[in-house]
Amino acid sequence: MRTRVDFCAEVENEMRMVLPSLSVNEGMARSAVAAFCAQLNPTAVEIADIKCAVSEAVTNCIVHAYRDTVGDIQLSVKLCEGRLIQIEIRDKGCGIPDVKLAREPLYTTDAENERSGMGFTVMESFCDGVNVTSRVGRGTTVTLLKRLHK
Ligand SMILES: Nc1ncnc2c1ncn2[C@@H]1O[C@H](COP(=O)(O)OP(=O)(O)O)[C@@H](O)[C@H]1O
Ligand SMILES: [Mg+2]
């Protein structure tokens, strides 16, 4: 599908973190992921790309998955062989009925709050692979793959 690189096989280092879905934690999540990835000496552009994609995925957990409530956002970052970074953002919120539709540019279920519907498109453009699995009433897992320069 739209995943352009494979999931990583050999994990060299890993970080896991759980945060409640408060909007104040979006910046924390983005910075924590970037700080962990810094050990691979990414370029400033690569770090900016990662932060931007993580920010979109975490914001979706806060505003969509747990729309009228607060729940856990689980983050996992795996640094894999070949300078591949796999970032997983998981929620146990409302889920997405039609993932293919949700990933379309400009598709949003929240136009009244002036959402752009470009979150998944941004993730795709800043990463080398994006995988989304979701079950209504159970939650969503977004996996971002980013391959760093040699
Ligand atoms: N974690 C999630 N849980 C539930 N629904 C989600 C989640 N992430 C995205 N969605 C759904 O996918 C749609 C598109 O997401 P996105 O491309 O980020 O655009 P936007 O957030 O601007 O609406 C959202 O409007 C929402 O309906
Ligand atoms: Mg969004």
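So Glu56 clears everything in (1) closer than 15 Å to Met17 by Cβ; (2) within 11 Å of the chain's Cα centre (by Cα); (3) among the charged types (D, E, K, R) except one condition, right? Which one?
Result: Glu56 fails condition (1) only.
Determine whether Lys146 is in contact (Cβ under 8 Å) with a residue 60 or more places away in the chain, more than 10 Å from ligand 1 (Cβ to nearest atom) and outside any loop (DSSP other than H, G, I, E, B).
yes
Filter the stretch 99-150 down to residues that are open to solvent by 60 Å² or more (accessible area, probe 1.4 Å), at pLDDT below 95 and charged (D, E, K, R) and give me whichever is nearest to ligand 2 (Cβ to nearest atom).
Checking each candidate, the answer is Arg115.
Name every residue in the stretch 4-38 that is loosely packed, with under 15 Cβ neighbours inside 10 Å, of a type in the set (A, V, I, L, M, F, W, C) and over 14 Å from the mean Cα position of the chain (by Cα), in order of residue number.
The answer is Val5, Phe7, Ala9, Val11, Leu22, Val24, Ala35, Ala38.
Quick check on the stretch 61-70: of everything there that is among the β-branched types (Val, Ile, Thr) and out of contact with any helix residue (DSSP H, G or I) (no Cβ under 7 Å at 6 or more places or on another chain), which residue is nearest to ligand 2 (Cβ to nearest atom)?
Val63
Any idea which residue in the stretch 39-60 is surrounded by the most Cβ atoms within 10 Å (Cβ to Cβ), counting only those that are free of Cβ contacts under 8 Å to residues at least 60 places away in the same chain, within 16 Å of ligand 2 (Cβ to nearest atom) and not small (Gly, Ala, Ser)?
Ranking the candidates gives Val58 first.
Restricting to the stretch 61-98, name every residue that is of a type in the set (Val, Ile, Thr), crowded, with 20+ Cβ neighbours inside 10 Å and within 24 Å of Ala32 (Cα to Cα).
Matches in the stretch 61-98: Ile62, Ile73, Val77, Ile85, Ile87, Ile89.
What pairs can you find where one residue is in the stretch 118-141 and over 25 Å from Glu46 (Cα atoms) and of a type in the set (Lys, Arg), the other is open to solvent by 40 Å² or more (accessible area, probe 1.4 Å) and not in a strand (DSSP E or B), and their Cβ atoms are less than 7 Å apart, with a gap of 6+ or different chains?
That search, which allows pairs on different chains as well, returns Arg138/Lys92.
Ala65 fails exactly one of the following numbered conditions: (1) of a type in the set (A, V, I, L, M); (2) within 16 Å of ligand 1 (Cβ to nearest atom); (3) more than 14 Å from the chain's Cα centre (by Cα). What is the number of that condition?
Going through the list (1) of a type in the set (A, V, I, L, M); (2) within 16 Å of ligand 1 (Cβ to nearest atom); (3) more than 14 Å from the chain's Cα centre (by Cα), Ala65 breaks only (3).
The values are calculated or read from the model by the stated rules, or taken from the named source; none is laboratory data. All values derive from a computational prediction rather than experimental measurement. Positions of Cβ are backbone-derived with ideal geometry, glycine not excepted, and every protein chain shown enters the neighbour counts. We work out accessible area using only protein heavy atoms, side chains counted, and drop any ligands, DNA or RNA first. Shrake-Rupley method; radii C 1.70, N 1.55, O 1.52, S 1.80 Å.
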